[in-house]
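Following: one structure in structure tokens, then a few remarks.
The values are calculated or read from the model by the stated rules, or taken from the named source; none is laboratory data. All values reported here derive from a predicted model rather than from experimental measurement. Methodologically, a virtual Cβ is constructed for each residue, glycine included, from the backbone with ideal geometry; neighbour enumeration extends over all protein chains shown.
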Amino acid sequence: MEELLEQLLEECRSYTQNGHLASYIPELAKADPNDFGVYILNSDGKHACAGDFGKCFTIQSIIKPILLLLALMDNGVDAVRSRVGVEATGKPFDAINVTDQSLLSDHINPMVNMGAIALCNLVKGNDYNEKFNRLLSLTRTLACNPKIDINESVYHSEKQTGNKNRALAYMLKSYGMITDEVEDVLDLYFKACSISVNSKDLAYIGFALSNRGKIADGYKRIFSYDYAHYVNAILMTCGMYDGSGDFAINVGVPAKSGVGGGIMAIVPTRMGIGIYSPGLDDKGNSVAGIKLLERLSNALFLSIF
Ligand code: GLU
């Protein structure tokens, strides 16, 4: 397997130069576009890796499935579902423009910013510090890595420049879909996106989702089978932004990407995969990361379709 990974990484290396670094969060533009790494953790506990799999980057949107898991564990499906929907577009078949309709939970998806900001309000904790620590602790547990922590510079960079997220949060507040102070909720969201991980961590977190709630460390159950099912299904339809349809056709497994350049892929019952290459396409997905997953899926028959 390691040989295959080395070979595919070399075959896809030229694609690392085809993307652009995210720059709307200034700190992200400091990434090295040449970094490229992959880590796979199989259901039997065996692993394979190649390239810069130990290189750290911020988790960004890949925190969204973990945030969703925590909101589900804290509140159950019905309460989460009443605030944040599950549909890829949330629009009726004949919709012209959703912005002139009132905002309903069904219009909000947990894998895009508005839904994730609403989820931040649902995490339990006495204050926002405790809520963040609970999210960080779940991330560490799933990744089996107690050293995972926040990247302070990215956090401050996001907080300074995140005015679009502020607009989304105030919109939610105006519809009563967040009840706490907007800046507190946003602070949790910015911190959550700034958690620093590597490809190995993502493979381990993906492993827990592929393994229906049991982590690699001692196969301990952390969340229920039903929640794994819920999160994986949403990732399949909307994990790769508005590139999710192409990804479903060309790769065919639940996955989540982030603008930091990471991709976490889940092959149900088989493996968790973590990839890092920070050059993004115009949808915000890692260009070389997707190419690598396409080839890996072909070589190992990973598609669930
Ligand atoms: N922190 C980023 C933002 O809110 C996350 C975006 C992403 O990875 O999709 O803009």
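A few remarks follow.
- Positions within the stretch 11-42 being part of a loop (DSSP other than H, G, I, E, B), modelled with pLDDT under 95 and surrounded by fewer than 17 Cβ atoms within 10 Å (Cβ to Cβ), in sequence order: Ser23, Tyr24
- Residue within the stretch 209-220 that is hydroxyl-bearing (Ser, Thr, Tyr), under 22 Å from Phe36 (Cβ atoms) and buried (at least 24 other Cβ atoms within 10 Å of the Cβ) present: no
- Yes/no for Phe223 being buried (at least 20 other Cβ atoms within 10 Å of the Cβ), among the aromatic types (Phe, Trp, Tyr) and away from the ligand (no atom under 16 Å from the Cβ): yes
- Filter result (within 16 Å of the ligand (Cβ to nearest atom) and part of a helix (DSSP H, G or I)) within the stretch 101-121: Asn113, Met114, Gly115, Ala116, Ile117, Ala118, Leu119, Cys120, Asn121
- Candidate set from the stretch 142-172 (those that are surrounded by 19 or more Cβ atoms within 10 Å (Cβ to Cβ) and more than 13 Å from the ligand (Cβ to nearest atom)); member that is farthest from Val185 (Cα to Cα): Cys144
- Hits in the stretch 43-71 (condition: in a loop (DSSP other than H, G, I, E, B), out of contact with any Ser or Thr (no Cβ under 9 Å at 6 or more places or on another chain) and on the phi < 0 side of the Ramachandran plot): Asp44, Lys46
- Listed here are the helices (runs of 4 or more DSSP H) enclosed by the stretch 190-291 that have at least 1 residues being modelled with pLDDT of 95 or more and farther than 19 Å from Leu68 by Cβ: 199-210, 244-250.
- Test: Lys124 is at pLDDT 95 or above and not in a helix (DSSP H, G or I): yes
- Summed over the stretch 229-269, the residues that are closer than 15 Å to Ile63 by Cα and not polar (S, T, N, Q) give a count of 19.
Listed here are the residues, each with its yes/no results for (1) modelled with pLDDT of 95 or more; (2) touching an Asp or Glu at 6+ places or on another chain (Cβ under 9 Å); (3) farther than 21 Å from Asn232 by Cβ.
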{"position": "Cys49", "(1), (2), (3)": "yes, yes, yes"}
{"position": "Gly54", "(1), (2), (3)": "yes, no, yes"}
{"position": "Phe57", "(1), (2), (3)": "yes, yes, yes"}
{"position": "Lys64", "(1), (2), (3)": "yes, no, no"}
{"position": "Leu70", "(1), (2), (3)": "yes, no, no"}
{"position": "Arg83", "(1), (2), (3)": "no, no, no"}
{"position": "Phe93", "(1), (2), (3)": "no, no, yes"}
{"position": "Leu103", "(1), (2), (3)": "no, no, yes"}
{"position": "Ala118", "(1), (2), (3)": "yes, no, no"}
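- Going through (1) touching a strand residue (DSSP E or B) at 6+ places or on another chain (Cβ under 8 Å); (2) of a type in the set (S, T, N, Q); (3) within 20 Å of Ala31 (Cβ to Cβ) one by one, Ser153 falls short only on (1).
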